[in-house]
Amino acid sequence: MRLAVAVSIVILTLNEAADLPGCLESIGWCDDIHLVDSGSCDGTLELAVAAGVRCYEHPFSSFGKQRNWALDHCQFAHEWILFLDADERATPAFARAIEGATAAAGASIAGYYCCWKLMLDGHWLRRTDGFPRWQFRLLRWGRVRFCDFGHGQKEDRVQGQLAYLSEPYLHYAFSKGWGQWLSRHNRYSDLEAAERLRANVSWQELLARDPSVRNKALKPLLSRLPGWPLWRFLIMYVFKLGFLEGRAALTYCIHLAYYEFLIQVKMDELRRGRCLDRT
């Protein structure tokens, strides 16, 4: 499949030899794929080179900085840039949605929020993951930057308006197993705890129409609630009917509650550290 409106794609990698082939297969319609690697030793770069992908190497410090590095150093062939991860897949419907959105975008549109289908054991966790959840992934080159936010990133210095692409891509977040997921989220919880403790509750953002703004503002408030990890489990598994999605949903909700528990514990540690620093 070829898109009438061409798009360049960036994939950030670190030891993604297991997931990268599936990702590349899903974007075979793209004629300008760039891979920014941060020190893989499992054959990731060799796979990418063999597939005709343009490869770069740059040490990783954060997702926001790595995405900005890619925007500054990759030689893109097209105006529109899509960021994908190796454990994500672009479906034909998602590709067609990109084609339609970029073709119809007026000059004021700087980029698009995208959403994903979270996949576990062949099941789409629609209720459990709170679909749709939005992340900024598709942009016009030179119109948007990224900044760090928690363990990830968000849009920054936007020149224009941001719109929403409702057709999802697929996210296989558990492709490397639960051990890797837990190890990664243990690291993520350090960053999330610091970010949520630092953030002030903004009532203006809490009441914003934009769901991506509203959800970011909710995090520091909810993280301060006693028993929030348990409430997170009950909201996703019970009140949003996640139990209808079977055993995969139960497993995911338990792990998600544990992740929120780690964040709360580390927020408490940071608070105590600050108190000690002042004594």
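The values are calculated or read from the model by the stated rules, or taken from the named source; none is laboratory data. Since the model is a prediction, treat every value here as computed from it, not as a measurement. In this analysis, Cβ positions are derived from the backbone assuming ideal geometry, glycine residues included, and neighbour counts consider all displayed protein chains. Accessible surface is based on the protein model in full, side chains and every heavy atom, while ligands, DNA and RNA are left aside. Shrake-Rupley method; radii C 1.70, N 1.55, O 1.52, S 1.80 Å.
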Fluctuation leader among THR44, THR251, THR13 - the chain, Gaussian network, Cα springs under 10 angstrom: THR251
Accessible area in square angstrom per residue, segment 16-80, 1.4 angstrom probe: 47 Å²
Alpha-carbon Debye profile of segment 23-165, log10 I(q)/I(0) at 0.17 Å⁻¹: -1.12
Against the rule of thumb 2.2 N^0.38 Å, how large the Cα Rg of the chain comes out: 1.03
Carbon/sulfur fraction of accessible area - the chain, other protein chains in place, 1.4 Å, %: 56 percent
Solvent-accessible area per residue for segment 216-267 (1.4 angstrom probe, square angstrom): 51 Å²
Selection from ILE27, TRP178, ILE254, by position along the positive dipole direction of the chain (Cβ): ILE254
Over the chain, relative contact order from alpha-carbon pairs under 8 Å, at least 6 apart, %: 17 percent
Extension gain (nm, one decimal) between ASN186 and THR91, 0.36 nm per residue minus Cα-Cα: 31.2 nm
Heavy-atom SASA rank of PHE149, PHE83 (probe 1.4 Å, accessible area, largest first): PHE149, PHE83
Modelled FRET efficiency - R0 41 Å, VAL158 with PHE239, Cβ distances, 0.05 increments: 0.75
Across LYS240/LYS266; LYS154/LYS266; LYS176/LYS266; LYS117/LYS219; LYS117/LYS176; LYS176/LYS216, pairs whose alpha-carbon gap is larger than 19 Å: LYS240/LYS266; LYS154/LYS266; LYS176/LYS266; LYS117/LYS219; LYS176/LYS216
Largest-first ordering by accessible area, 1.4 Å probe, given options VAL213, VAL144: VAL213, VAL144
Label-point separation, PHE60 to PHE131 (7 Å along Cα→Cβ), nm: 2.7 nm
